[in-house]
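The values are calculated or read from the model by the stated rules, or taken from the named source; none is laboratory data. Being a predicted model, the structure only gives us computed values, none of them experimental. A quick note on method: Cβ atoms are made from the backbone with ideal geometry, for glycine too, and the neighbour counts reach across all protein chains shown.
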Amino acid sequence: MGILNATPDSFSDGGRFNSVDRALAAAEAMLEAGADLLDIGGESTRPGATPVSQDEELARVIPVIEALAARFDCPLSVDTSTPSVMTRAVEAGACLINDVRALTRPGAIEAAAASGASVCVMHMRGEPGDMATRTDYRDLVAEVIDYLAARLRLLREAGIPAERLLVDPGFGFAKTHEQNLELLRRLGELSRLDAPVLVGMSRKRMIGEATGQPVDRRAVGSAAAALLAAERGAAVLRVHDVEATRDALAVWAAMNSA
Ligand code: 7PJ
């Protein structure tokens, strides 16, 4: 899964056409590098990021999804917690709703269920603004699994079929560096949930802490982490550096088929 940000950068002129064109170019590069699906997001969930209004999120994300759906065949995912964005994104061509808040916003479950799309639910505590202080777990992996199991049950009861649900332990969301490493080491335990596991570690602080590299030099560390996750059963790898990830997986596949 290639990550496509539909967030305006500070140095762009803020024009919508400009950002759609940039998204198309970035998408094309990721597809050429071997991405199987693309995840489009218009809200930054980095700690301390300013919240985005619903109208602004729609204006960032929907034109990009429409343009991608018109140009490419590949499945599209929308990274959002906002019910109206879920509805409009699926109408525009998205087939997966990727929600770091696990459909906890009012109306999100109803919007997702009515859309007919697949849903990825992620574990987090609190909000991106305060999650860094909420890292006291008695048993991290058990709590993550229990939380995701409860969300899966609720979503199935809301009418979303089990085969349309994915889970994500939420690397970097309300976890310390040590806890992120424990989650990665024990990722295989999530197979108990009987849902495909999606992971996102790409360029995150855990990669920076392990490698000592700044965010623009974390492609190799991120590919290594993605490979370790794949080996532990992850089905979907959410990454910025598609080519590096593909190459890492190709070595593993070659070993397995030898
Ligand atoms: C994740 C995400 C993740 C899922 C972000 C970043 C922060 N969605 N959206 N899992 N992270 N499912 O990419 O650094 O880990 S935004």
Would you check which residues across region 20-57 are closer than 14 Å to Leu4 by Cβ, part of a loop (DSSP other than H, G, I, E, B) and away from the ligand (no atom under 16 Å from the Cβ) and list them?
Ala33
Counting only residues that are more than 21 Å from Phe171 (Cα to Cα) and buried (at least 20 other Cβ atoms within 10 Å of the Cβ), which one in region 1-34 is modelled with the lowest pLDDT?
Ser19
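Rundown of residues vs (1) aliphatic (A, V, I, L, M); (2) touching a Phe, Trp or Tyr at 6+ places or on another chain (Cβ under 8 Å), yes/no style:
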{"residue": "Arg186", "(1), (2)": "no, no"}
{"residue": "Pro196", "(1), (2)": "no, no"}
{"residue": "Gly200", "(1), (2)": "no, yes"}
{"residue": "Arg218", "(1), (2)": "no, no"}
{"residue": "Ala229", "(1), (2)": "yes, no"}
{"residue": "Arg232", "(1), (2)": "no, no"}
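In region 131-145, is there at least one residue being closer than 24 Å to Thr80 by Cβ, away from the ligand (no atom under 11 Å from the Cβ), within 18 Å of the chain's Cα centre (by Cα) and modelled with pLDDT of 95 or more?
The initial filter retains those residues of region 131-145 that are closer than 24 Å to Thr80 by Cβ, namely 131-132, 134, 144.
This time we only want the ones that are away from the ligand (no atom under 11 Å from the Cβ), so: 131-132, 134, 144.
With within 18 Å of the chain's Cα centre (by Cα) added as a condition, the list becomes 131, 144.
The next check asks that each one be modelled with pLDDT of 95 or more; those that pass are 144.
So far as region 131-145 goes, yes, one or more of its residues are closer than 24 Å to Thr80 by Cβ, away from the ligand (no atom under 11 Å from the Cβ), within 18 Å of the chain's Cα centre (by Cα) and modelled with pLDDT of 95 or more.
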Note on region 66-91: residues more than 16 Å from the ligand (Cβ to nearest atom) and in a helix (DSSP H, G or I) are Glu66, Ala67, Leu68, Ala69, Ala70, Arg71, Pro83, Ser84, Thr87, Arg88, Val90, Glu91
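Of all residues in region 179-189, which are within 13 Å of the ligand (Cβ to nearest atom) and either in contact with a Leu (Cβ under 9 Å, 6 or more places away or on another chain) or not in a helix (DSSP H, G or I) (or both)? Spell out the reasoning first.
Step one: list which residues in region 179-189 are within 13 Å of the ligand (Cβ to nearest atom), which gives 180, 183-184, 187.
Result: Leu183, Leu184, Leu187.
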Within the set of pairs 6+ apart or on separate chains, which have a first residue in region 28-57 that is touching a residue at least 40 places away in the same chain (Cβ under 8 Å), a second that is within 16 Å of the ligand (Cβ to nearest atom) and aromatic (Phe, Trp, Tyr), and C-beta atoms under 8 Å apart?
Thr45/Phe173
Could you tell me which residue of region 155-178 is surrounded by the fewest Cβ atoms within 10 Å (Cβ to Cβ), considering only residues that are touching a helix residue (DSSP H, G or I) at 6+ places or on another chain (Cβ under 7 Å) and part of a helix (DSSP H, G or I)?
Ala162
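Can you tell me which residue in region 190-209 is farthest from the ligand (Cβ to nearest atom), limited to those that are in a helix (DSSP H, G or I) and within 15 Å of Ser222 (Cα to Cα)? Talk me through it step by step, then tell me what you get.
Going through region 190-209, the residues in a helix (DSSP H, G or I) turn out to be 190-193, 205-209.
Adding the requirement that they be within 15 Å of Ser222 (Cα to Cα) leaves 205-209.
Details: Arg205: 9, Met206: 10, Ile207: 10, Gly208: 11, Glu209: 14 Å.
Only one residue tops the list, namely Glu209.
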Any hit, region 218-226, residues being within 19 Å of Val121 (Cβ to Cβ) and in contact with a Gly (Cβ under 9 Å, 6 or more places away or on another chain):
no
Within the set of pairs 6+ apart or on separate chains, which have a first residue in region 154-180 that is free of Cβ contacts under 8 Å to residues at least 40 places away in the same chain, a second that is acidic (Asp, Glu) and surrounded by 13 or more Cβ atoms within 10 Å (Cβ to Cβ), and C-beta atoms under 9 Å apart?
His177/Glu209; Asn180/Glu209
Given the conditions (1) under 20 Å from the mean Cα position of the chain (by Cα); (2) within 27 Å of Thr87 (Cβ to Cβ), every one holds for Gly159 apart from (1)
